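Encoded as structure tokens, the structure appears first; notes follow it.
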Amino acid sequence: MKFIKDILVIDFEGKKEPTQIGAILLDKETLAEKDSFVSYIYTDLEGFVSPTSGITQEMLVSAPTQKQVGQMLFEKFGTNILIASWVADLDIRNFKKIISSAGKSFDDYDYHILDIWAPAYIHALKEGYMGGIRSEELFQYFGAEPRALHDALTDTRIAAEILRKISL
């Protein structure tokens with residue numbers, strides 16, 4: 001399958017505030033990984049420890065700010081990309097937040113967002129999948145190893161592998 005633009009698969013950790021971002025750029029024709037980016041994001045959440053990712057406040061204290069991470073993403077990947085995510089709603093809100101904090105406009109990006117979860121779930125159902133809708137169950141259905149902790153870059157790579165499998 002050939003896409004019109006390279007695809008930037010993103011994932012964020014953190015619910016109230018983004019604490020980590022992982023991003024991989026996929027080639028529009030082969031879906032091979034062309035580049036990647038991962039960073040913690042400075043957030044002052046006193047005593048913060050995430051039970052799902054293991055991220056602690058100590059890990060965030062010296063991390064780049066949202067503004068700095070937004071600028072790094074913009075400089076590394078530009079805007080001539082399609083943005084994709086496993087469940088896009090929260091990831092796109094966080095992406096808009098950090099891009100905006102860097103003084104960039106989300107309007108410069110293609111407004112078409114590829115949410116990988118929906119076609120993956122439909123694909124799995126067509127194959128007879130009878131499990132749940134949670135990420136971990138679907139990731140394992142598509143062959144991913146169980147995750148002890150969530151890591152944004154690892155999760156983008158899992159989502160990309162699933163996109164490859166359902167795009168055949």
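The values are calculated or read from the model by the stated rules, or taken from the named source; none is laboratory data. Just so you know, these numbers come straight off a predicted model, no measurement behind them. Quick reminder, even Gly has a Cβ in these numbers, built from the backbone with ideal geometry, and neighbours come from all protein chains shown. These accessible areas exclude ligands, DNA and RNA; they are computed on the full protein's heavy atoms, side chains included. Shrake-Rupley method; radii C 1.70, N 1.55, O 1.52, S 1.80 Å.
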Query raised in the report: Are any of the residues in region 96-115 of a type in the set (Lys, Arg), over 15 Å from VAL9 (Cα atoms) and at pLDDT 95 or above?
Result: yes
Query raised in the report: When residues of region 79-89 are filtered for being open to solvent by 20 Å² or more (accessible area, probe 1.4 Å), part of a loop (DSSP other than H, G, I, E, B) and closer than 11 Å to ASP6 by Cβ, how many remain?
Result: 1
Query raised in the report: closer than 21 Å to PRO51 by Cα and without any contact (Cβ under 8 Å) to a residue 40 or more places away in the chain - does that describe any residue in region 118-133?
Result: yes
Query raised in the report: Is it the case that ILE122 is of a type in the set (Val, Ile, Thr) and buried (at least 16 other Cβ atoms within 10 Å of the Cβ)?
Result: no
**Report entry** So LYS67, is it of a type outside the set (Gly, Ala, Ser), open to solvent by 70 Å² or more (accessible area, probe 1.4 Å) and out of contact with any helix residue (DSSP H, G or I) (no Cβ under 6 Å at 6 or more places or on another chain)
**Finding:** no
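Restricting to region 15-43, what's the tally of residues that are among the basic types (Lys, Arg) and closer than 18 Å to ILE166 by Cα?
Total satisfying the criteria: 1.
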Query raised in the report: Right, GLY78: out of contact with any Gly (no Cβ under 7 Å at 6 or more places or on another chain) and without any contact (Cβ under 8 Å) to a residue 60 or more places away in the chain or not?
Result: yes
Requested in this report: Identify, from the list THR30, THR56, the residue that is open to solvent by 10 Å² or more (accessible area, probe 1.4 Å), free of Cβ contacts under 8 Å to residues at least 24 places away in the same chain and under 18 Å from LEU153 (Cα atoms).
Outcome: THR56
Requested in this report: Could you figure out which of (1) open to solvent by 60 Å² or more (accessible area, probe 1.4 Å); (2) within 18 Å of ASP110 (Cα to Cα) isn't true of LYS16?
Outcome: (2)
